[in-house]
Amino acid sequence: MKPSIVFSLIILLAAGLRLSGICFDSLWLDESYQSMVGAFGHGAIDLAADPAGKMTLFRFEPPASTAQLLANFRSVDPLCPPLYAVLLNRWMVIIGQSDFAVRSLSMLISTISVAMLCYFCRCLLTTRVAIFAGLLAAVSPFSIHYAQEARMYSLVELTGLISGSCLLLILREGITPLRSKLLVPLYVISTWAMINTHYTSLFMAAAEGALSVAFLLWSRQWRTLLVLVVAWLATALLWLPWLPMFLVSAGSRKESFYIAKKTDFIWALYALFIRVPVNWLTFLCGHKVVAYAIPTYVTSAIMLLLSGKEIFKSSKERFSLCALWLWAIVPAGGLWLIDVLEGHRVIEVARYSVFTAPAIFMLAAYGLAEAISWRKAFTWLAAVHFLFAGINIVYLHIVHQREPWKEMAATVELNVPQDRLLLVSQHYDLICLNRYLTKPRLQRGVSPAMGESVIRDIVNKNDSFALLTAQEGESLASMIPAEYKLEKRFDYSHGLHLRLYSRQIN
């Protein structure tokens, strides 16, 4: 079968897996709140305001202009760049605002990533390896998970893939061939897009610069070095208008959720030698791996170990293999170092280093291709990996991976009368709930931070009320005045609870 046909089938497989079950999970907090507020572009929303007894049903206004979006972008999430929000804003204007519409952008981006991975892997390694790399990425439960989420991580993966691959081809071939001359502007645009999609991508850009300079000085490729310096200056100039946003983010990191846990010497060793390799396996195995899909960890580790072994052999792919390993290790190492110095634990979250995932797909594919070439019996390695990756994909679509807000909204409409007060904690979860409600309700966003006295003042005006809690808002249940009796309770996965209360009559 011709390679072009095989690659086309791989892309169709990737698209099908990313489309299948794309709306199975409800939009969760980061999608409904952070992504939507940022992409609609109207600024912060006071979700804890007293509705003064009025029936409400929250709906976003039509998407704002790009200029208005950028002016209001820092109102909700000060830690992320605006590129994904801008793209989603324009996407919603054209496609709409349904769950499928807002997630289909990530689905499309992820599918393009698989296609680009096949192309660049074929350029860097071989056609055979490119086929395996495309298959590994197409069935990656990790990539599929984020391809079905209205967040920026699929875009980070795509832009990281293009930036890293273009640079490797430029370093390997110089700038004389026509293809390399076309790669330079593509490298500039993709690098700019990468760092404006998620700021942890700066570690990728910094690693690219440092390693490229070292290699070109060592190999005395002065012309290529000059061209890349111009490319980096062009990237910086393109970034200049959005640089103030980065400075705001850099200033807010000390107060961000990234400092969730303390670090120590033992953690530093664990993060470097255990957590980073586990992230590599996560890219291949999935964000959440059920017990019966654990064999994917074994097969993924074997493929990567075989790939690592090959760099010690004399082969024409040695440059590409070494460069891919540096791509996987050095940016993650930079992120780890900042964690150690600043007391963060960002490296523990695989999606924050997803820009290294393309290198892992290519390395694992090389190890798999070499194993099968060496001994046909190793075909079992591919069969086992794809079988259990498929099992994990099925798991993603039969067990909720995010808060089931659709089911909760249906429960609210069935069990809570429209005129009964509904408290939602935390207040920003009102957006998640209201997305799936069909009728206005007497509702109010509350928070445990308000304190017991405020909560008492709110509920004492009612003989009965309902309380919906999610994640951090669960502690509010302990603040309900003692004279109210719990009548009924509905519990859902991922920390969603609905309680119905009524005042006791003595």
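The values are calculated or read from the model by the stated rules, or taken from the named source; none is laboratory data. Everything numeric in this text was worked out from a predicted model, so none of it was measured. So basically every Cβ, Gly included, is an ideal-geometry build from the backbone, and we count neighbours across all protein chains shown.
Only one entry in 193, 133 is among the hydrophobic types (A, V, I, L, M, F, W, C), touching a Cys at 6+ places or on another chain (Cβ under 8 Å) and part of a helix (DSSP H, G or I), namely 133. Here 247, 225 are screened, and the one residue that is of a type in the set (A, V, I, L, M), over 18 Å from residue 160 (Cβ atoms) and surrounded by fewer than 14 Cβ atoms within 10 Å (Cβ to Cβ) is 247.
Does any residue in region 202-213 that is of a type in the set (Ser, Thr, Tyr) come within less than 6 Å, Cβ to Cβ, of a residue that is part of a helix (DSSP H, G or I) and surrounded by 21 or more Cβ atoms within 10 Å (Cβ to Cβ) six or more places away or on a different chain, and which pairs are these? Close Cβ pairs (under 6 Å, with a partner that is part of a helix (DSSP H, G or I) and surrounded by 21 or more Cβ atoms within 10 Å (Cβ to Cβ)) amount to 212/228. One residue stands out among those in region 90-138 that are in contact with a helix residue (DSSP H, G or I) (Cβ under 7 Å, 6 or more places away or on another chain) and of a type in the set (Phe, Trp, Tyr): the one that is surrounded by the most Cβ atoms within 10 Å (Cβ to Cβ), which is 132. Suppose we keep only residues that are farther than 11 Å from residue 160 by Cβ and among the aromatic types (Phe, Trp, Tyr) within region 189-208. Which one would you say is surrounded by the fewest Cβ atoms within 10 Å (Cβ to Cβ)? Here the residue is 199. Of all residues in region 35-47, those satisfying the criterion of being touching a helix residue (DSSP H, G or I) at 6+ places or on another chain (Cβ under 8 Å) and part of a loop (DSSP other than H, G, I, E, B) are 41, 42, 43, 44, 45, 47. Listed conditions (1) touching a residue at least 12 places away in the same chain (Cβ under 8 Å); (2) outside any strand (DSSP E or B) are all met by residue 478, apart from (1).
Screening the candidates 141, 81, 62 for the property of being at pLDDT below 95 and buried (at least 21 other Cβ atoms within 10 Å of the Cβ) yields one hit, 81.
Which number in (1) at pLDDT 95 or above; (2) within 28 Å of the chain's Cα centre (by Cα); (3) surrounded by fewer than 20 Cβ atoms within 10 Å (Cβ to Cβ) marks the one condition that residue 471 misses? For residue 471, the exception is condition (1). For region 482-496, a tally of residues being more than 21 Å from residue 434 (Cα to Cα) and exposed (fewer than 13 other Cβ atoms within 10 Å of the Cβ) returns 4. Within region 15-34, restricting attention to residues that are more than 14 Å from the chain's Cα centre (by Cα), among the hydrophobic types (A, V, I, L, M, F, W, C) and in a helix (DSSP H, G or I), the residue that is surrounded by the fewest Cβ atoms within 10 Å (Cβ to Cβ) is 19. Across region 394-432, the number of residues qualifying as in contact (Cβ under 8 Å) with a residue 60 or more places away in the chain, of a type in the set (Val, Ile, Thr) and surrounded by 19 or more Cβ atoms within 10 Å (Cβ to Cβ) comes to 3.
Kindly establish whether residue 93 is more than 17 Å from the chain's Cα centre (by Cα), of a type in the set (A, V, I, L, M, F, W, C) and modelled with pLDDT under 95. Steps first, please.
Working: more than 17 Å from the chain's Cα centre (by Cα): yes; of a type in the set (A, V, I, L, M, F, W, C): yes; modelled with pLDDT under 95: no.
Answer is no for this residue.
Taking the listed residues 453, 464, the one that is within 17 Å of residue 490 (Cα to Cα) and either without any contact (Cβ under 8 Å) to a residue 12 or more places away in the chain or surrounded by fewer than 22 Cβ atoms within 10 Å (Cβ to Cβ) (or both) is 464, with no other qualifying. Pairs meeting the criteria (first residue in region 310-335 and under 16 Å from residue 203 (Cα atoms), second residue of a type in the set (A, V, I, L, M) and outside any helix (DSSP H, G or I), beta carbons under 7 Å, at least 6 apart or on different chains) are 325/311. Cβ separations smaller than 6 Å between residues 6+ apart or across chains give the following pairs from region 340-368 residues that are farther than 17 Å from residue 158 by Cα and touching a residue at least 40 places away in the same chain (Cβ under 8 Å) to residues that are surrounded by 24 or more Cβ atoms within 10 Å (Cβ to Cβ) and of a type in the set (Val, Ile, Thr): 365/129; 366/129.
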